[in-house]
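The values are calculated or read from the model by the stated rules, or taken from the named source; none is laboratory data. All values derive from a computational prediction rather than experimental measurement. All Cβ positions, even for glycine, are placed from backbone atoms using ideal geometry, and neighbour counts span all protein chains on display. In case anyone asks, the SASA skips ligands and DNA or RNA and just uses the protein heavy atoms, side chains included. Shrake-Rupley method; radii C 1.70, N 1.55, O 1.52, S 1.80 Å.
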Amino acid sequence: MTTRTIRQTMEGMPLVFDPEEAEDLEAVIQFDLSGEEPGAFYIEITGGQCSFNVGVQSDPALIISAPSEVWGSISRGEISGSDALLDGLYRVRGDAGLLMRMARLFGRPEEAVRAPADWRRPGPLALRGSRWLTVAFLPWVVLWLAPLFGIEAAAGVRAAFAFAAAITAYHLAFGRPTWFEVGSTVLLGPASAWSLAPGGGAGLSAWGGVADSLALGVIWLSSLIAVRPLTAEYSQWDHAPALRDNGTFLHVNRVLTFVWGAVFVAMGVLSAASLRWPGAANVLGPMRWSLLIPAIAATAVLPRRASRLRIENVDGWRRRLRLAAGVGIVLAIGSGIAAASIAGSPAVAALS
């Protein structure tokens, strides 16, 4: 079984923190780790809450100095913390009583990371987090299905915009809409207005199949740069609040958000290629939809393996994914302009 890094192990401490054991405890526990995975981390306990931090705190109540492999073995229950201390495998300074309480303070079972029964997004609709992601996709589903029911593209995009605006307004009234909800409203709004302009409906019919995929790609990828990973804004409500800022949780969601964003951009690029080379549409069309297979597989497998993932240099991964997301956004914008030009879009003619 893959072993998590010491940073992942330390970040997991707030997940098993027991606030009932803490009572009115206010303390900082500093960890100075050496060995194979050196690093400085501290756990802050205040107001019945526990948080993980990277770095050195100026006035900790307890300082634990240990080789990372020793503390990792203690955390996994492979060796006894008290025996390791007596054997001189690690050193402590400060509040010895706090050290003795650590097994109780961080002794909740792993099941405790599951979401409480009442943990959900604010508002009267009692939907769990991930189900709201399905709801957020509905405006786009309306846009895609409209032609199957004989609804022209212009009417379809106006209906999709109305749906997206309603979802955003609901969450504005009862909390905060997500990046996806706001992005859908912002991008579908101008398309809806354009559909009312002379020739707008014809332009949407020719170009809309490219634009919707590229727009989705831009929304998803831009969340990696501007805010939290898009999927995390929904999946955080499926787990205990303490998991919201956990590094492994965010990494998994960054990867999933990037995969889906990249797939949407690639689908848009293939649609643009179909406009450029109509004779290849019969090949490019199935290729476009086949891209959903790896994205669906990643969504099904990666979250289940999250607790066993070993993530080296999580900050480096975040920077690389942000850079890749930026490249994807530039590609999406360029492909959109090219496709609009090929389709003879009035929008491009107005810009030129």
May I ask you to compute the full-extension gain from Leu145 to Asp245, defined as 0.36 nm times their residue separation minus their alpha-carbon distance, rounded to one decimal in nm? 32.3 nm
Assigned charges on the beta-carbon of Lys, Arg, Asp, Glu; the chain dipole about Cα centre (debye): 1420
What distance in nm separates the simple spin-label points at Thr3 and Ala155, each placed 7 Å from Cα in the Cβ direction? 6.5
Can you compute the modelled spin-label distance between Asp315 and Ala173, with each label point 7 Å from Cα toward Cβ, in nm? 4.4
By the Cα gyration tensor axes a ≥ b ≥ c (a/c under 1.5 gives rounded; else a/b larger than b/c gives prolate, otherwise oblate), the shape of region 163-319 is oblate
In whole Hz, the Karplus estimates of ³J(HN,Hα) for region 16-27 (6.51, -1.76, 1.60; θ = phi - 60°; x where Gly or Pro) are 10, 5, 10, x, 5, 6, 6, 6, 9, 5, 10, 7
Can you tell which of Pro229, Pro109, Pro177 shows the greatest fluctuation in a Gaussian network model of the chain with Cα springs below 10 Å? Pro109
Could you identify which residue out of Asp245, Asp95, Asp18 has the top mean-square fluctuation in a GNM of the chain using Cα springs shorter than 10 Å? Asp95
For Arg114, placing the label point 7 angstrom along Cα-to-beta-carbon and taking region 211-248, residues whose amide nitrogen sits under 19 Å are 235-244
Given a 1.4 angstrom probe, I'd like the percentage of the accessible area of the chain that is carbon and sulfur, rounded to a whole number. 63
Within region 250-294: backbone nitrogen closer than 19 Å to the Ser307 label point (7 Å, Cα to C-beta): 250-253
Ile79 to Glu37: extension gain in nm, 0.36 nm per residue of separation minus the Cα-Cα distance? 13.3 nm
Tell me, in nm to one decimal, what length is gained between Ala162 and Ala281 on full extension, where the rule is 0.36 nm per residue of separation less the Cα-Cα distance? 39.7 nm
Given Cβ charges of +1 for Lys and Arg and -1 for Asp and Glu, the option among Asn246, Gly268, Phe258 whose Cα lies farthest towards the positive end of the dipole of region 195-334 is Asn246
